[in-house]
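Here is the structure we will look at, set down as structure tokens.
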Amino acid sequence: EPEVTQTPSHQVTQMGQEVILRCVPISNHLYFYWYRQILGQKVEFLVSFYNNEISEKSEIFDDQFSVERPDGSNFTLKIRSTKLEDSAMYFCASRGTSGFANTGELFFGEGSRLTVL
Amino acid sequence: RKEVEQDPGPFNVPEGATVAFNCTYSNSASQSFFWYRQDCRKEPKLLMSVYSSGNEDGRFTAQLNRASQYISLLIRDSKLSDSATYLCVVNVRSGGSYIPTFGRGTSLIVHP
């Protein structure tokens with residue numbers, strides 16, 4: 001069964017350092033998302049990506065965040081200068097099209113746990 | 001007002017019990033509704049989509065009331081393995097897109 005893969009599974013970093021989280025979405029999917037989940041809290045939308053550009057982003061997704069699709073498979077989230085409050089699980093998700101573009105299941109990766117010290 | 005609201009629980013029920021979860025959403029232009037399941041420290045996984053006519057999958061029944069902006073999930077004959085957090089997900093209109101937006105989840109604990 002096709003799956004979304006994420007690396008690393010866990011990263012520990014010092015405050016102020018740059019972090020890149022990587023995702024390989026399902027190959028024929030067109031819509032890509034990053035979510036984060038702070039421990040004990042809800043899954044929060046960060047950004048969506050379609051047709052090689054950001055389609056929507058949340059208030060959380062400020063200037064320290066960026067996303068790229070550097071090749072046909074990888075989808076990355078970069079945090080330029082990490083803060084303590086960036087500690088969270090970051091989930092990548094992808095979605096194909098199922099009839100209408102607004103429907104369709106999200107497929108999640110297993111997540112990358114980021115710990116900022 | 002939060003876009004997607006759920007009672008966080010926990011719901012603590014014995015095996016075999018029937019339990020119901022509710023979810024409300026604030027944006028009437030929302031399309032597509034889902035229930036996901038999340039086990040501790042794992043990724044969310046789709047449990048079922050929710051259709052206007054209501055739908056059933058084995059022990060699970062989902063219903064949508066667009067007029068009241070309300071979604072429900074009913075679990076019959078609860079199993080120990082049903083213990084998890086159940087996430088209500090609504091595709092909320094944002095600009096030109098629809099963003100899958102999560103409720104905070106309802107925790108279910110099924111005990112022997």
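The values are calculated or read from the model by the stated rules, or taken from the named source; none is laboratory data. Being a predicted model, the structure only gives us computed values, none of them experimental. Because the Cβ atoms are built from the backbone with ideal geometry, glycine has one as well, and the counts that use them run over all protein chains shown.
A compact table of results
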{"quantity": "Residue ID - surrounded by the most Cβ atoms within 10 Å (Cβ to Cβ), chosen from residues in region B:24-64 that are among the small types (Gly, Ala, Ser) and touching a residue at least 24 places away in the same chain (Cβ under 8 Å)", "calculated": "B:ALA62"}
{"quantity": "Leading residue by the ranking (modelled with the lowest pLDDT) among those in region A:61-103 that are in a loop (DSSP other than H, G, I, E, B) and either hydrophobic (A, V, I, L, M, F, W, C) or buried (at least 21 other Cβ atoms within 10 Å of the Cβ) (or both)", "calculated": "A:ALA101"}
{"quantity": "Test: residue in region A:46-60 that is in contact (Cβ under 8 Å) with a residue 24 or more places away in the chain, in contact with a Pro (Cβ under 7 Å, 6 or more places away or on another chain) and assigned to a strand (DSSP E or B)", "calculated": "no"}
{"quantity": "Residue that is surrounded by the fewest Cβ atoms within 10 Å (Cβ to Cβ), among those in region A:28-48 that are more than 9 Å from every other protein chain (Cβ to nearest Cβ) and among the hydrophobic types (A, V, I, L, M, F, W, C)", "calculated": "A:ILE38"}
{"quantity": "Hey, B:ARG93 farther than 25 Å from A:GLU56 by Cβ, in contact with a strand residue (DSSP E or B) (Cβ under 9 Å, 6 or more places away or on another chain) and surrounded by fewer than 17 Cβ atoms within 10 Å (Cβ to Cβ) or not", "calculated": "no"}
{"quantity": "Enumerated strands (runs of 3 or more DSSP E) restricted to region B:13-61, each holding at least 3 residues that are within 14 Å of another protein chain (Cβ to nearest Cβ)", "calculated": "B:31-38, B:45-50"}
{"quantity": "Of the criteria (1) facing chain A (nearest Cβ under 10 Å); (2) of a type in the set (S, T, N, Q); (3) in contact with a Leu (Cβ under 9 Å, 6 or more places away or on another chain), which one B:SER94 fails", "calculated": "(3)"}
{"quantity": "Within region A:15-42, considering residues that are among the hydrophobic types (A, V, I, L, M, F, W, C) and not in a loop (DSSP other than H, G, I, E, B), the one nearest to the chain's Cα centre (by Cα)", "calculated": "A:TRP34"}
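Residues are listed down the side, and each one gets a yes or a no for (1) under 19 Å from B:PRO8 (Cβ atoms); (2) out of contact with any helix residue (DSSP H, G or I) (no Cβ under 8 Å at 6 or more places or on another chain); (3) of a type in the set (A, V, I, L, M, F, W, C):
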{"site": "B:SER28", "(1), (2), (3)": "no, yes, no"}
{"site": "B:GLN31", "(1), (2), (3)": "no, yes, no"}
{"site": "B:LYS42", "(1), (2), (3)": "yes, yes, no"}
{"site": "B:MET48", "(1), (2), (3)": "no, yes, yes"}
{"site": "B:TYR51", "(1), (2), (3)": "no, yes, no"}
{"site": "B:LEU64", "(1), (2), (3)": "no, yes, yes"}
{"site": "B:TYR70", "(1), (2), (3)": "yes, yes, no"}
{"site": "B:SER78", "(1), (2), (3)": "yes, yes, no"}
